[in-house]
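Peer 1: To start, I am sharing the structure in question, which I have written as structure tokens.
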Amino acid sequence: MTALSFASSADLGEKQQTLEVLADGVYALTAEGDPNIGAIEGEDFVVCFEALATPVAAQDWLAKLREHTDKPVRYLVLSHYHAVRVLGASAFDAETIVAHENTYKLIAERGREDWESEFGRMPRLAKGAESVPGLTWPTATFSDRLTIDLGGDRGDLVLQFLGRGHTEGDIVAWLPKQKILFAGDLVEAQAALYTGDAFHRDWATGTLDAVKALGAETLVGGRGAVSRGREEVDAAIEQTRHFLATMIREVGAVQQRGGTLKEAFEATHAALYEQYGHWPIFEHCLPFDVSRLWDELSGIERPVIWTAERDREVWAQLQG
């Protein structure tokens, strides 16, 4: 087997970015499997969803958004704490940075380590890394739900915590009037799942059930194309669930027969590869995914903190 370059360190080709207008004043930027980002216009303000990895990267997105609206950013919503989603925040000059209360705690606990880890794994996303002024700190947090009145006849934007999943603090942004959902990394559409900080069993059951129950007709996942229509939306949710369920089955089976972490990785890779192996970041994610799931099924409740050093050790053990 040919040795693979560490994580996405060799993925240096630029991705084609596409700005899509999903409804009047509702925007999504997708990029061939790179992190997605969004924006929702209020009557006299904008809500942005996700911040990208650096202010330089975020400024490129904001330049595209400004071709459609010049309203100021009142709220910047962070779906979770991962560095490639939050460290571009300073570019938005937002009045308020909103996240789940657990996201604030996770930034305090492991934000610095995650910054070093993710920039090492995905250097291309860290465009202008020197422009990051420091950790991004939410200025408003909530536990269950926060509703933003968009003004006029635009309806509400509902921010909700639907359960543990990709992390302990994932939130979604839901437009009930337009039936548009920004799901963050709780759902991926034709992109592999990163589950290195996940709660697989919660995510694959109650959390995805709650996502599905919203009844979205348009869904923007964390990566991949926008899903349009209930059939595509449900397919994206169920693909996410199937990826998780397959991992749980394969890793659990190896553990039950007294096998090793390496054997669990190989079994999971074999079970997923035909359907998912061609998707973005599949090879990158899987060692970290299986390592975390092995811990979870061993009774380690909370994810072990990833450091740049631990990343390399797990990669060498499983993908080397």
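Peer 1: Among Ser131, Ile97, Ser117, flag the residue with its Cα farthest along the positive direction of the charge dipole of segment 92-153, charges on Cβ as +1 for Lys/Arg and -1 for Asp/Glu.
Peer 2: Comparing the listed Cα positions along the dipole, Ser117 ranks first.
Peer 1: OK, next. Determine the order of His269, His80 by accessible area, beginning with the largest, at a probe radius of 1.4 Å.
Peer 2: In descending accessible area the options line up as His269, His80.
Peer 1: State the answer as a single residue: which of His278, Thr167, His200 lies farthest towards the positive end of the charge dipole of the chain, with beta carbon charges of +1 for Lys and Arg and -1 for Asp and Glu, about the Cα centre.
Peer 2: Toward the positive end, the furthest listed residue is His200.
Peer 1: Still on this structure, I have one more. Rounded to a whole number, what % of the accessible area of the chain do carbon and sulfur atoms account for, probe 1.4 Å?
Peer 2: 47 percent
Peer 1: How far is the Cα center of segment 258-320 from the Cα center of segment 157-174, in Å?
Peer 2: Result: 24 Å between the Cα centres.
Peer 1: Would you please put 46-59, 20-33, 237-250, 210-223 in order of how densely packed they are, using the mean number of other Cβ atoms within 10 angstrom per residue and starting with the highest?
Peer 2: 46-59, 210-223, 237-250, 20-33
Peer 1: Using a Cα-Cα cut-off of under 28 Å, which lysines could be cross-linked to Lys177, ignoring same-chain neighbours fewer than 8 residues away?
Peer 2: Lys64, Lys71, Lys212
Peer 1: Between Rg and the Kirkwood Rh of segment 68-145, both from Cα atoms, what is the Rg to Rh ratio?
Peer 2: 0.98
Peer 1: Relative contact order, percent, of segment 59-144 when contacts are C-alpha pairs under 8 Å separated by at least 6 residues?
Peer 2: It comes to 35 percent, rounded to a whole number.
Peer 1: Over 18 Å apart: what share of the alpha carbon pairs of segment 190-261 falls there, rounded to a whole percent?
Peer 2: More than 18 Å apart: 44 percent of the Cα pairs in segment 190-261.
Peer 1: Continuing with the same structure: Along the positive direction of the dipole of the chain (beta-carbon charges: Lys, Arg +1; Asp, Glu -1; about the Cα centre), which of Leu106, Gly155, Gly215 reaches farthest?
Peer 2: Sorting the options by dipole projection puts first Leu106.
Peer 1: Place a +1 charge on the Cβ of each Lys and Arg in segment 239-315 and a -1 charge on the Cβ of each Asp and Glu, then give the dipole magnitude about the Cα centre in debye, rounded to the nearest 20.
Peer 2: Dipole size: approximately 160 debye.
Peer 1: Would you mind counting up the charge near Lys71? Only other residues with Cβ under 10 Å from its Cβ, with Lys and Arg at +1 and Asp and Glu at -1.
Peer 2: That sum, taken over residues with Cβ under 10 Å, equals -2.
Peer 1: Counting only protein chains, not ligands or nucleic acids, how are Tyr276, Tyr194 ordered by accessible area (probe 1.4 Å), most first?
Peer 2: Tyr194, Tyr276
Peer 1: Here's something else I'd like to know. Quick one: net charge of Ala270's neighbours, Cβ under 11 Å, K/R +1, D/E -1?
Peer 2: Net local charge, Ala270 excluded: -4.
Peer 1: With charges set only on the Cβ (+1 for Lys and Arg, -1 for Asp and Glu), what does the dipole of segment 62-133 come to about its Cα centre, in debye to the nearest 20?
Peer 2: The calculated dipole for segment 62-133 is roughly 220 debye.
Peer 1: List the aspartates and glutamates whose Cα lies under 18 Å from the Cα of Lys262, skipping any in the same chain that are fewer than 8 positions away.
Peer 2: By straight Cα distance, Lys262 reaches Glu250, Glu283, Asp289, Asp295, Glu296, Asp311, Glu313.
Peer 1: Using a 1.4 Å probe, what is the accessible area per residue for the chain, in Å²?
Peer 2: 39 Å²
Peer 1: In terms of solvent-accessible area of protein heavy atoms at a 1.4 angstrom probe, what is the ranking of Glu313, Glu283, Glu109, highest value first?
Peer 2: Glu313, Glu109, Glu283
Peer 1: Find the relative contact order for segment 246-320 and round it to a whole percent, using C-alpha pairs within less than 8 Å whose residues are 6+ positions apart.
Peer 2: So the answer I get is 33 percent.
Peer 1: Beyond 33 Å, how much of the Cα-Cα pair distribution for the chain remains, as a whole percent?
Peer 2: When every Cα pair of the chain is considered, 19 percent fall beyond 33 Å.
Peer 1: Apply the Karplus parameterisation 6.51 cos²θ - 1.76 cosθ + 1.60, with θ equal to phi minus 60°, to every residue of segment 60-65 and state each ³J(HN,Hα) to the nearest whole Hz, in sequence, with x for glycine and proline.
Peer 2: My calculation for segment 60-65 gives 4, 5, 5, 4, 5, 4 Hz in order.
Peer 1: Okay, next question. Just how large is the dipole of segment 55-104 about the Cα centre, in debye to the nearest 20, putting +1 at every Lys and Arg Cβ and -1 at every Asp and Glu Cβ?
Peer 2: That gives a dipole near 80 debye.
Peer 1: May I ask you to evaluate 6.51 cos²θ - 1.76 cosθ + 1.60, the Karplus curve with θ = phi - 60°, for each residue of segment 180-194 and list the ³J(HN,Hα) values in order in whole Hz, giving x for glycine and proline?
Peer 2: Along segment 180-194, the couplings run 10, 10, 9, 9, x, 7, 5, 9, 10, 10, 6, 8, 5, 8, 9 Hz.
Peer 1: What number, in percent, do you get for the relative contact order of the chain if the mean sequence gap of Cα pairs under 8 Å and at least 6 apart is divided by its residue count?
Peer 2: 17 percent
Peer 1: Same structure again: Please give the length that would be gained between Glu274 and Ser298 if that part of the chain were fully extended, namely 0.36 nm times their separation in residues minus their C-alpha to C-alpha distance (nm, one decimal).
Peer 2: Using 0.36 nm per residue and subtracting the Cα-Cα distance, I get 5.9 nm.
The values are calculated or read from the model by the stated rules, or taken from the named source; none is laboratory data. Just so you know, these numbers come straight off a predicted model, no measurement behind them. Neighbour counts are summed over all protein chains in view; Cβ atoms, including those assigned to glycine, are modelled from backbone coordinates with ideal geometry. For the accessible areas, the whole protein counts, side chains as well, though only heavy atoms, and no ligand, DNA or RNA atoms are used. Shrake-Rupley method; radii C 1.70, N 1.55, O 1.52, S 1.80 Å.
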